[in-house]
Amino acid sequence: MFGRTCVPLAIHHRIPPALLGWTGTTVRVRVNHVGEMDRAVFRCLPVMCSDMPFVSDPSLESSQLAADDPELVARLRARDAQAFARLVNEHGGRLLSVARRLLAHEEDARDAVQDAFVSAFRALPTFEGQSRLSTWLHRIVVNAALMKLRQRRRRPECSIEDLLPKFLPDGHQADPPDNWSAEAETRLLRGELQVVVRRAIEELPEAYRTVLVLRDLEGFDTEQTARWLEVGEGVVKTRLHRARQALRTLLDHYFRGGDPK
Amino acid sequence: MTCCEIIEFLMAYLDDALPRDQQAVFTGHLAVCPECRNFMDTYRETVKLGASVGSAHDAEAIPAEVVSAILQATREVSE
C-alpha cells in the first residue's frame, strides 16, 4: 500500500487528519526533518489511504528512507575522521535549518550546530543504533539550540495577548476573520509564502515560538517538548494553541493586505 | 457555547480530544457559525503553513566554513 514509490498526496507527520482537512486539500508530501516518515504518519495511513490520491515520489527512494549503512556506523563509532566528515556534510545542512528555526541569529545557529556535532562526536563510540543517525542528530541539535536559547539575553518582545483574538461581551469575535485558507494554498504551491510565514514565526514571543517550532515544525510530541522545556504537558498544549492563534493573527494581517506585523 | 469558548478549545476539538458530547456541541456550533468556521479553517491552514516552513531549506548544504569549524573542533576533542 505504501511502498517507496507510492505515497499519499497529502501527508504531514504528526498532524491529525481532522486538523489537515483532507477533502479537496493539497499538501506536499513530506517526511519529517530527520528524513524519516514519522510513526504517526503510518498510524494515519489506514484512515487516509481509502480516499486519498496517490502519487509517485522518486525522491523518497533516496537514502532518507533507507537504514543507516552499518559500515558507516561502525566507522563512526571508531571515530573515523573521513566517516565523520561525511556525516557532517550529509546531515549538516538539515541540522543547520533546524537550529535556524529555533534561533533568530545565524551565528547562534551555526554555533549550535557545531556544539551538536562535537557532542555527537564525543558520544559516537556509545551510539547503539537504536534510532537512526538522523533522528539521533536531530535531537542533539535541538538540545544544543535550546541550550543556546537559554544562554543568550532575551530581546524585547511583543505580548502574546496582543496577537490573540478579541471577543465582544456576548462572546462573538470582535474582528471576524476572512477565510483565506484557499488563497494560502495557492500561494503556498507557488512558493510565495515561505518568507512571510518564517518572519511571522520569528515575531512570536520566544516561549511560544519555541513550542510551535518543536511541535509543528520539528514534529516532536507534547511529552518530548515538555521534557525539553522543563514544563508540564498542559503548559505545552496551552502555549501551542496560543502560538498558533497568534501566528494565525499575523497571517491574517498579511492576507488582508497589511504587513504580517 | 459561545465563539469565545469554541476558539479556546479549538485545538482539543481538532485533536479529537474532547468528550463526545462536547465534540457534538462544537460541531453543531460550527455548522451554524460561519465566523468560527472561518477561524477554524484559517487556524488549520496556519498549522500547515508553519509545517511547510519546516522543510523549506532542509536541502541546503552546510556552508564550508561551518564544516571546517566543526571538523577543527572535533580534532581538538580527539587530541
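The values are calculated or read from the model by the stated rules, or taken from the named source; none is laboratory data. All figures in this text were calculated on a predicted structure; none of them were measured in a lab. Neighbour counts are summed over all protein chains in view; Cβ atoms, including those assigned to glycine, are modelled from backbone coordinates with ideal geometry.
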Which number in (1) facing another protein chain (nearest Cβ under 8 Å); (2) part of a helix (DSSP H, G or I); (3) at pLDDT below 95 marks the one condition that B:Gln72 misses?
(1)
Identity of the residue in the range A:128-146, surrounded by fewer than 23 Cβ atoms within 10 Å (Cβ to Cβ) and within 14 Å of chain B (Cβ to nearest Cβ), that ends up modelled with the highest pLDDT:
A:Ile140
Scope the range A:188-208; condition surrounded by 16 or more Cβ atoms within 10 Å (Cβ to Cβ) and part of a loop (DSSP other than H, G, I, E, B); matching residues
A:Leu193, A:Leu204, A:Pro205
Looking at (1) surrounded by fewer than 16 Cβ atoms within 10 Å (Cβ to Cβ); (2) closer than 21 Å to B:His29 by Cα; (3) in contact with a helix residue (DSSP H, G or I) (Cβ under 9 Å, 6 or more places away or on another chain), which one does A:Ser181 not meet, given that it meets all the others?
(1)
Here's a check for you: in the range A:111-127, which residue that is crowded, with 21+ Cβ neighbours inside 10 Å and at the interface with chain B (Cβ under 7 Å from one of its Cβ atoms) is nearest to A:Leu204 (Cα to Cα)?
A:Val113
Go through B:Phe39, B:Phe26, B:Phe9 for me and flag whichever is facing chain A (nearest Cβ under 7 Å) and either in contact with a strand residue (DSSP E or B) (Cβ under 9 Å, 6 or more places away or on another chain) or not hydroxyl-bearing (Ser, Thr, Tyr) (or both).
B:Phe39
Residue satisfying all of: in the range B:12-23; in contact with a helix residue (DSSP H, G or I) (Cβ under 9 Å, 6 or more places away or on another chain) and part of a helix (DSSP H, G or I); farthest from the other protein chains (Cβ to nearest Cβ) among these:
B:Gln22
Does A:Pro169 satisfy the condition of being over 15 Å from A:Arg248 (Cα atoms) and assigned to a loop (DSSP other than H, G, I, E, B)?
yes
